[in-house]
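Each remark here refers to the structure printed beneath this line.
The values are calculated or read from the model by the stated rules, or taken from the named source; none is laboratory data. Worth saying up front: this structure is predicted, and the values here are computed from it rather than measured. All Cβ positions, glycine included, derive from the backbone under ideal geometry; neighbour counts span all protein chains shown.
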């Protein structure tokens, strides 16, 4: 986990400096406080998924690039070997299976939501569309106040700039496969 925190901090600092942005400028663009951005850059704070989305959207970079994953090599990897990001007291775990690649224009995430998990996702200005397939359990997805209940084998597509909330109302883990298509 320490490597991931360091990668996120270094990636944030690099993205900010490439744009000649101060921490104040970055705070305005992302909606994340200057103090929090500084803590993330120094590796003193582990950002939540929501905070990482705010940063990636505000700086118009991919979620996976914030995690420091820009690998060009091919390699089969088991889920347990990947670094993960936890949210909501570890009720939600995100694995970036196929990080963003500009040639493909998308990234692919595997998400586990424990029972009772409720995640309000910030809008993603840099994501054209989200594609979700539920492979286990039940997902309640609210998009702009419209509720969709998705069960195993169900899927949905929507614009990343829409307000959306994920919830697992069941007593079993919900597993989602998500493709994010970027501008």
Any residue in region 44-68 that is on the phi > 0 side of the Ramachandran plot sitting within a Cβ distance under 6 Å of a residue that is not in a loop (DSSP other than H, G, I, E, B)? List the pairs, counting only those 6 or more apart or interchain.
68/7; 68/11
Within region 128-144, identify whether any single residue is at pLDDT below 85 and surrounded by fewer than 17 Cβ atoms within 10 Å (Cβ to Cβ), and answer yes or no.
no
Please work out if residue 86 is surrounded by 14 or more Cβ atoms within 10 Å (Cβ to Cβ), touching a helix residue (DSSP H, G or I) at 6+ places or on another chain (Cβ under 9 Å) and touching a residue at least 60 places away in the same chain (Cβ under 8 Å).
no
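Return yes or no: is residue 62 out of contact with any strand residue (DSSP E or B) (no Cβ under 7 Å at 6 or more places or on another chain), under 24 Å from residue 110 (Cα atoms) and not assigned by TED's automatic domain parsing to the domain that holds residue 111?
Considered against the rule, which asks whether it is out of contact with any strand residue (DSSP E or B) (no Cβ under 7 Å at 6 or more places or on another chain), under 24 Å from residue 110 (Cα atoms) and not assigned by TED's automatic domain parsing to the domain that holds residue 111, residue 62 comes out as no.
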Could you go through region 96-113 and let me know if any residue there is farther than 23 Å from residue 64 by Cβ and crowded, with 18+ Cβ neighbours inside 10 Å.
no
Helices (runs of 4 or more DSSP H) within region 1-68 that include 3 or more residues surrounded by fewer than 17 Cβ atoms within 10 Å (Cβ to Cβ):
2-18, 23-30, 34-41
Scan (1) crowded, with 17+ Cβ neighbours inside 10 Å; (2) assigned by TED's automatic domain parsing to the domain that holds residue 152; (3) under 25 Å from residue 147 (Cβ atoms) for the single condition residue 120 breaks and write down its number.
(1)
